[in-house]
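Only one structure is covered here, and it is reproduced in the block below.
The values are calculated or read from the model by the stated rules, or taken from the named source; none is laboratory data. This one's a predicted model, so the numbers in the text were calculated from it and none came from an experiment. A quick note on method: Cβ atoms are made from the backbone with ideal geometry, for glycine too, and the neighbour counts reach across all protein chains shown.
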Amino acid sequence: MKIAVFIDGGNLYRRLKEINIKSTSRFDYAGFVNFVANNNPPGYIGYYIGQIKYDEGDQKTMQLYANQQKLFKYLENSIPSIKIIRGHIQKFGKIYKEKGVDVKLALDIYRLANKDIYDKAIVISSDGDLVPAIELVQNENKKSVEYIGFRGKASFALMKECKSTRLLTYDNIKQFESKPDLS
């Protein structure tokens, strides 16, 4: 069975922060992907994230940009086959919001199904905006979509639409937190 894993990076990042995994560069993404794929090597792994724009005049933005670049490098080193698909981040006053990420994720779910890249998509997100794409690939392309959500933060729309659902617990996720290198 051909598997594709679609990771909503912003959504996963928020869940990691909520369970006190403060450094996403200490998270074992390769182990996590292997876990959600039930030890079946995925033919496609996409990590969808809003890219922070470098703004030399804004210290916070410069730090966020630097941290995100470290994360991208870490992901590419951890999973050489990963595709990092970037939307963008817009600043609204003091609030930062992702733009274009869920659209790119939905389009890739549909586009890769049409190219027969996968038989089963594993979607790690809680964004109900993905439902139309999932509905299309399950009904028209006869693909299976599994929703991976987070207990207590699940999307009922995705649970209802996807062929299967797994809601991860704190322990499921915490096991992939790497210990800091003390050397």
Worksheet item: What do you reckon, is I52 modelled with pLDDT of 90 or more, under 26 Å from A133 (Cβ atoms), of a type in the set (A, V, I, L, M) and touching a Leu at 6+ places or on another chain (Cβ under 7 Å)?
Response: no
Item to complete: For residues that are among the basic types (K, R) and in a helix (DSSP H, G or I), scanning just segment 3-50, find the one that is nearest to Y147 (Cα to Cα).
Response: R15
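Would you check which residues across segment 96-151 are acidic (D, E), more than 21 Å from G43 (Cβ to Cβ) and either touching a Lys or Arg at 6+ places or on another chain (Cβ under 6 Å) or modelled with pLDDT under 95 (or both) and list them? Reasoning before the result, please.
Going residue by residue through segment 96-151, those that are acidic (D, E) are 98, 102, 108, 116, 119, 127, 129, 135, 140, 146.
Checking which are more than 21 Å from G43 (Cβ to Cβ) leaves us with 98, 102, 127, 129, 135.
Scanning segment 96-151 gives E98, D102, D127, D129.
Find the residue count for segment 52-99, including only residues that are part of a loop (DSSP other than H, G, I, E, B), hydroxyl-bearing (S, T, Y) and within 20 Å of the chain's Cα centre (by Cα). First the steps, then the outcome.
Filtering segment 52-99 for residues part of a loop (DSSP other than H, G, I, E, B) gives 52-58, 79-82, 93-94.
Next cut, hydroxyl-bearing (S, T, Y) only: 54, 81.
Filter once more, keeping what is within 20 Å of the chain's Cα centre (by Cα): 81.
Qualifying residue count, segment 52-99: 1.
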Discussion item. Every residue in segment 53-95 that is surrounded by 14 or more Cβ atoms within 10 Å (Cβ to Cβ) and either in contact (Cβ under 8 Å) with a residue 40 or more places away in the chain or among the aliphatic types (A, V, I, L, M) (or both), please.
Written reply: M62, L64, L71, Y74, L75, S78, I79, I82, I84, I85, I89
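One line per residue, one yes/no per condition, for (1) surrounded by 19 or more Cβ atoms within 10 Å (Cβ to Cβ); (2) at negative phi; (3) not charged (D, E, K, R):
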position: L130; (1), (2), (3): yes, yes, yes
position: A133; (1), (2), (3): yes, yes, yes
position: E146; (1), (2), (3): yes, yes, no
position: N172; (1), (2), (3): no, yes, yes
Worksheet item: Restricting the search to segment 40-60, which residues are of a type in the set (K, R) and closer than 17 Å to A106 by Cβ?
Response: none
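Within segment 25-35, how many residues are out of contact with any Asp or Glu (no Cβ under 8 Å at 6 or more places or on another chain) and either buried (at least 19 other Cβ atoms within 10 Å of the Cβ) or among the aromatic types (F, W, Y) (or both)?
In the first step, residues of segment 25-35 are kept if they are out of contact with any Asp or Glu (no Cβ under 8 Å at 6 or more places or on another chain); the result is 25, 29-35.
With either buried (at least 19 other Cβ atoms within 10 Å of the Cβ) or among the aromatic types (F, W, Y) (or both) added as a condition, the list becomes 29, 32-33, 35.
Qualifying residue count, segment 25-35: 4.
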Fill in: Only one of K160, K153 that is part of a helix (DSSP H, G or I) and either surrounded by fewer than 17 Cβ atoms within 10 Å (Cβ to Cβ) or not charged (D, E, K, R) (or both)
K160
Discussion item. If the requirement is being within 27 Å of F27 (Cα to Cα) and polar (S, T, N, Q), which of these qualifies: S144, S155?
Written reply: S155
